[in-house]
Amino acid sequence: MQKSNHIDTICAPATAPGGALGIIRISGPDAISIVASICRDDIRTQAANTLSHTYILNGDEMVDEVMVSVYKAPHSYTGEDSVEISCHGSRYILNRVLTILMEKGCRQANPGEFTQRAFLNGKMDLSQAEAVADLIASTNKATHQLAMSQLRGNISTELSQLRDQLLKMTSLLELELDFSDHEDLEFADRSQLLDIANKIDNHITKLVLSFETGQALKLGIPVAIVGKTNVGKSTLLNRLLKEDRAIVSDIHGTTRDTIEDVIDIRGVQFRFIDTAGIRQATDEVEQIGISRTFQAIHKARIILWLIDQMPSLDDMKEIIKNLAGKSLVIIQNKIDKESIQQIDLSSFPELSGYPFIAISAKHRLHLTELEEIIFEAANLPSFSDTDVIVTNARHYESLIHAQATIRSVILGLQQQLSGDLLSEDLRQTLDHLADITGGQITTNEVLGNIFTHFCIGK
């Protein structure tokens, strides 16, 4: 693991200004002495991992009454000497304390620099560092659970197990090469190696396939509300969102573009898309909206087909042809109206097996039951705190490369290729997996791309 060679001391606010309290973080070789120079009491004698009450001074001026936490290397978040000042959350006070710290020798921290130093000092691997940003950005139970799993090192543990198996294969092959002059010695049984390689491939493939679910949970599961004009799509969206997000009117073709918003159902974020009503339109703008409706259907994981009367055969065919790889929920709206009778879809065997529910979006009838159906239609795998689901595009790309190289190993074993060729592919597989955790030397460009997306103070 790379070690930090930083000789400067950094500072930044770790909380947003304006609250009751604000926290300022300081980390680096001079963190304790710099903070001690602006405190009424000498914190240099303060025991590690303790709090003390003191005052921030600027000469004879008393700036604020504070609590100071002291952490000594290597037992801190960054692995360096660190101090946290808990002061009042006034924007003026925070800026004043930061200015005094910088006058005493601190430097304003860059975005993500505290976590970057934690990585460089071996306090966490790169996948755990990225999980910090995901944890801060989590907006629901599912994204929080995924970030916590990664932060606890679950993906690192999985990759470590794969690494051990790959190293075992590599060592056997290289031992065989070292004793290639002795034809009677066989260290690497090819059938055994093939079995190990296939197990590694299956494990990597499982991680690769989890990315689709991970992205859906992280970004929100896309749900398209489709149907003819004036069947109540915008009303349904407004009721699900519990706010008037879309314009509702009896005039056909009111919705001329897709409208997106998110709701939380049982701790999972769903991204709803209200679409333009499907009909033969002569208006150019409405035609564009209908075209975008079909784009939304293509991107959606779940399609809510809203109808208020028996659909035609053509309508049914139009929906069916866009269902590849998607879940469909059929919803009859406007059951509050006396003129509406519940639809019987038994004449459409193609629609058998799809969930059906009758609702009144206007009067909020059966919307709770509809939310449950939508959640079930997402067909999310159950996962525990120890399961690994890939959510990071960088990790996914590295896994794809690792999958390709391990399959080259499998092909090489099947074709009885020489050990030196197999060893090269094995090393590439190891390198691709190491890219995820930063187990090998990681370029400054990669680190820059990762940590510049963090907030300042983390």
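The values are calculated or read from the model by the stated rules, or taken from the named source; none is laboratory data. A quick note: this is a predicted structure, and the numbers were derived from the prediction, not measured. Ideal geometry is used to build each Cβ from the backbone, glycine not excepted, and the neighbour counts take in all protein chains shown. What goes into the accessible areas is simple: the full protein's heavy atoms, side chains included, and nothing from ligands, DNA or RNA. Shrake-Rupley method; radii C 1.70, N 1.55, O 1.52, S 1.80 Å.
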**Asked** Can you give the FRET efficiency for THR452 and GLU174, using 1/(1 + (r/R0)^6), R0 = 35 Å, r = Cβ-Cβ distance, to the nearest 0.05?
**Response** 0.30
**Fill in**
Per the helix-only model, the chain has a calculated mean residue ellipticity at 222 nm (DSSP H runs of ≥4, -39500 (n - 2.57) each, divided over all residues, rounded to the nearest 500) of -14000 deg cm²/dmol
**Item:** DSSP-defined antiparallel bridges as percent of all bridges, the chain, nearest 5
**Value:** 65
**Request:** With a 10 Å radius around each residue's Cβ, average the other Cβ atoms per peptide and rank 399-409, 334-344, highest first.
**Result:** 399-409, 334-344
**Request:** Give me the percent of the accessible area of the chain that comes from carbon and sulfur atoms, probe 1.4 Å, all protein chains in place.
**Result:** 50
**Prompt:** On average, how much accessible surface per residue is there in the chain, in Å², for a 1.4 Å probe, leaving out ligands, DNA and RNA?
**Reply:** 50
**Request:** Match the structure shown to one of the listed values (1) -0.71, -1.15; (2) -0.56, -1.37; (3) -0.46, -1.41 of log10 I(q)/I(0) by the Debye sum over Cα atoms at q = 0.08, 0.14 Å⁻¹, computed from it, and give that label.
**Result:** (1)
**Complete:** Isolated cysteines for the chain, Cβ-Cβ cutoff 4.7 Å, are CYS39, CYS87, CYS455
**Prompt:** How about LYS72: which lysines have a C-alpha closer than 25 Å to its C-alpha, ignoring those fewer than 8 places off in the same chain?
**Reply:** LYS3, LYS104, LYS123, LYS458
**Item:** LEU365/ALA16 FRET efficiency (R0 51 Å; Cβ-Cβ; nearest 0.05)
**Value:** 0.75
